[in-house]
Amino acid sequence: MTAADTVLNADTDPAELGFDAERLGRIDRHFDRYVDDSRLPGYLAVVARDGRIAHVASAGKRDLESGAPVELDTLWRIYSMTKPITTVAAMILWEEGAFELRDPVERYIPAFADARVYLRGSAQKPLTVPLTEPVRIWHLMTHTSGLTYGFHHTHAVDEIYRANGFEWSTPPGMDLAACCEAWAGMPLAFQPGAEWLYSVATDVLGRVVEVVSGQSLDEFFAERIFRPLGMTDTAFHAPPADHGRLAALYAPDPRTGRAARFDQMGAAALKPPNALSGGGGLVSTASDYLRFAEMLLNRGEVDGVRLLGPRTVAYMAANHLPGGADLEAIGRPLFAETTFEGVGFGLGFSVVQDPIAGKSPSSPGEFGWGGAASTAFWVDPVERLTVLFFTQLLPSSTHPLRPQLHQLVHQALVD
């Protein structure tokens, strides 16, 4: 029996945790259908309440071609589920007085002093204007910095990123410091604080962690988060001995909708990266990420190990968008199909403000995030829930997995 088997062993009667076991079984039956018709290669879902496992559901393959099944210790590319870890790393330093949230990023990455803002024009000849205020640390944590991603394909600045080699990855040979220099030299999509736009901001935040701590991001993560929490399988790549545990990456075949292997991106997780991406670079297991999520549920502490103070976690999980707006009002959409009514954004997480507006069962104050390969997690402080979902299908907008999982978890609560 592996450590993951021990940690993820659902040996508690769900009724003791307020769940109906038969209703929890609907999670399996629903997502099994995705596997049966080849929309997903495989999946693993974990539902916990008050730190006790209520249900573990899994089916399918971690590698369709080899036939290797999804197992409890399967390694997954968690992509943007890296972002909350990077933000926690930054807030560990913030609690030590290392910086203030209002600090200009240029204090730690001087190239941002010369940043300019796109006004109009093409990607080839953009007209830019000076900053009206500097990019600040809190802008990075809330995705209100004006930075972007090349994969958005909605704005001239996105095209500028792609022209410079930044779409789904970073240019070969560039480390994190060089990437930040490059991003600072490209126009911001808007004045800092004016809008919400999902971006490389958390990668820049990771560089701030490096500068402030004097450690590389992987060293800081290992020393201050992973080793204290016992997250032994989480890192910026899968080592050779664990390549067989790493799930293969897939994308939908445009003709059939069936999961088709996508090694073009997937192979990156097999070797150490040049740029340590605090925005999307980690691989992890369900048991490791559950430890991290339980730490957040318990307001900064798990099993006697405290990373953050309770009030810091509560502050992070509050909506920090200007005027208390939701993402639908102030945000540029991730994908055309994505809506964020009733959802704000804190420091590193989305935050549910109004479940009725969002048309998805949840509690006010629930927070979490997901990854590009359709992984997701959330923490519900009201219901004392931590919920995790892992698969490896790009992009995350392919299927409505996250709202469906919300439905299925909440309908199983009967207390």
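Brief remarks on what is shown
- Search result, residues across the stretch 194-218 that are crowded, with 19+ Cβ neighbours inside 10 Å and of a type in the set (Gly, Ala, Ser): 199, 201, 206, 213
- Residue count for the stretch 93-137, restricted to those that are in a helix (DSSP H, G or I) and open to solvent by 60 Å² or more (accessible area, probe 1.4 Å): 6
- Residues that are closer than 19 Å to residue 77 by Cα and in a loop (DSSP other than H, G, I, E, B) were ranked within the stretch 25-48; the one that is most open to solvent (accessible area, probe 1.4 Å) is 39.
- When residue 154 is tested against (1) assigned to a helix (DSSP H, G or I); (2) open to solvent by 10 Å² or more (accessible area, probe 1.4 Å); (3) of a type outside the set (Phe, Trp, Tyr), exactly one condition is not met: (1).
- Inspection of the stretch 167-174 finds a residue satisfying the criterion of being of a type outside the set (Gly, Ala, Ser), open to solvent by 10 Å² or more (accessible area, probe 1.4 Å), within 21 Å of residue 109 (Cα to Cα) and free of Cβ contacts under 8 Å to residues at least 40 places away in the same chain.
- Within this structure, residue 90 passes the test of being closer than 22 Å to residue 183 by Cβ, at pLDDT 95 or above and open to solvent by less than 20 Å² (accessible area, probe 1.4 Å).
- With respect to the conditions (1) more than 30 Å from residue 61 (Cα to Cα); (2) open to solvent by 20 Å² or more (accessible area, probe 1.4 Å); (3) touching a helix residue (DSSP H, G or I) at 6+ places or on another chain (Cβ under 7 Å); (4) touching a residue at least 40 places away in the same chain (Cβ under 8 Å), residue 340 falls short on a single one, namely (4).
- Every residue from the stretch 221-243 that is polar (S, T, N, Q) and in contact with a strand residue (DSSP E or B) (Cβ under 9 Å, 6 or more places away or on another chain): 234
- Any chance residue 51 is closer than 28 Å to residue 198 by Cβ and either within 24 Å of the chain's Cα centre (by Cα) or surrounded by 15 or more Cβ atoms within 10 Å (Cβ to Cβ) (or both): no
- Within the stretch 219-243, being open to solvent by 30 Å² or more (accessible area, probe 1.4 Å), in contact with a Leu (Cβ under 9 Å, 6 or more places away or on another chain) and among the small types (Gly, Ala, Ser) holds for one residue alone: 235.
The values are calculated or read from the model by the stated rules, or taken from the named source; none is laboratory data. Just so we're clear, the structure is a prediction, and the values are computed from it rather than from any experiment. Backbone-built Cβ (ideal geometry, glycine too); neighbour counts: all protein chains shown. Just so you know, the surface numbers come from the protein's heavy atoms only, side chains and all, with ligands and any DNA or RNA stripped out. Shrake-Rupley method; radii C 1.70, N 1.55, O 1.52, S 1.80 Å.
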